[in-house]
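Working notes, beginning with the structure itself.
The values are calculated or read from the model by the stated rules, or taken from the named source; none is laboratory data. From a predicted model like this one, the values you see are computed outputs, not experimental measurements. With ideal geometry, Cβ positions are generated from the backbone for all residues, glycine too; neighbour counts draw on all protein chains shown. The protein model used for the area step is the full one, side chains on, heavy atoms only, and it has no ligands, DNA or RNA in it. Shrake-Rupley method; radii C 1.70, N 1.55, O 1.52, S 1.80 Å.
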Amino acid sequence: MATVMQKIKDIEDEMARTQKNKATAHHLGLLKAKLAKLRRELLEPSSKGGGGAGEGFDVTKSGDARVGLVGFPSVGKSTLLNKLTGTFSEVASYEFTTLTCIPGVIVYRGAKIQLLDLPGIIEGAKDGKGRGRQVISTARTCNCILIVLDAIKPITHKRLIEKELEGFGIRLNKEPPNLTFRKKDKGGINLTSTVANTHLDLDTVKAICSEYRIHNADITLRCDATADDLIDVIEGSRKYIPCIYVINKIDQITLEELEILDKLPHYCPVSAHLEWNLDGLLEKVWEYLDLTRIYTKPKGMNPDYEDPVILSSRKRTVEDFCTRIHKDMVKQFKYALVWGSSVKHKPQRVGKEHELEDEDVVQIIKKV
């Protein structure tokens, strides 16, 4: 392990020394590929059993979505969990009060959202320091991450946490790069681009591919992709997760400072202790989770508005709705009647490919 850690440090040092320009792009691309491979090596032992993930980290996924609280020690993650969910997570003024992962559940707009209070992260977590590997591995299973920052601590903490998460293959508030990578048996490396490219040229692409022992592949760029984007696609294990920066303890800063924070993207100022703006935070979490509520209507009865079926907005067809209720329902499916904004008529008869909208009402008609 120490040798892998040393290799990572050596490469990071060399990258810091190397000037960024067109002449060094090829060399930097190669170093980034080597770094990504070493980081993967560092993570793999954790998935091969052995010591296990440690107490409290094998938290069973429950509810409709999972949200993780990530941050340095003593920024108020436990207080936030206690106030939002009513779950008890020990709170104290000293660091590292939470040593395991504490789950709680919020019921918001009919959806059950599991909230995880993860132990305080430390610098170097991505390289296995502290319990960083377990913390970030659990963060990878979340649908949304809340990075909790202390309003009176330096804002540089934000960048440090992002660096730790990125080292583990978590990409915050980003979409997967619009490029295709397909291995083939012969013909060498073939690079085509539908847009002007300022970061990648054929030599850099070949250098990155050779590091992965890939000598024949077709690569199509549909965006101005960087070396990091190409490495992410080759590695294939990246997680693209929405993230909200929760600035806690705003009761201890000036109004002018608060106004500046309020203008920043993906930010939400709160005071967990005084319960300021917790409703605003929940609203933002709902927006970032991007969930769709669908109400069921049994035949001859009124719709059930108390217990909606929750779907991801990326998978919200009638078929997805049926599968969410019961995996065998699709086999018996004849058609569905839908009321709501996704249809022109109320009700409208639709097939299983029909895409539903938030707060639609659905009645499933089965084959006799």
State whether one or more residues within the range 4-15 are at pLDDT below 70, in contact with a helix residue (DSSP H, G or I) (Cβ under 8 Å, 6 or more places away or on another chain), open to solvent by 80 Å² or more (accessible area, probe 1.4 Å) and farther than 30 Å from residue 321 by Cα. no
What number of residues within the range 253-296 are modelled with pLDDT under 95, in a helix (DSSP H, G or I) and of a type in the set (Val, Ile, Thr)? 1
For the range 196-220, enumerate the residues that are in a loop (DSSP other than H, G, I, E, B), open to solvent by less than 60 Å² (accessible area, probe 1.4 Å) and not hydroxyl-bearing (Ser, Thr, Tyr). 197, 200, 214, 216
Among the residues in the range 313-323, are any of a type in the set (A, V, I, L, M, F, W, C) and part of a strand (DSSP E or B)? no
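Rundown of residues vs (1) surrounded by fewer than 16 Cβ atoms within 10 Å (Cβ to Cβ); (2) farther than 17 Å from residue 358 by Cβ; (3) of a type in the set (S, T, N, Q), yes/no style:
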residue	(1), (2), (3)
309	no, no, no
324	no, no, no
327	yes, yes, no
338	no, no, no
346	yes, no, no
Of everything in the range 263-281, what is open to solvent by 100 Å² or more (accessible area, probe 1.4 Å) and farther than 15 Å from residue 106 by Cβ? Give them in sequence order. 263, 273, 276
For residue 223, work out the one condition from (1) surrounded by fewer than 20 Cβ atoms within 10 Å (Cβ to Cβ); (2) not in a loop (DSSP other than H, G, I, E, B) it doesn't fulfil. (2)
Could you run through the range 131-156 and say how many residues are open to solvent by 10 Å² or more (accessible area, probe 1.4 Å), touching a strand residue (DSSP E or B) at 6+ places or on another chain (Cβ under 6 Å) and in a helix (DSSP H, G or I)? 0
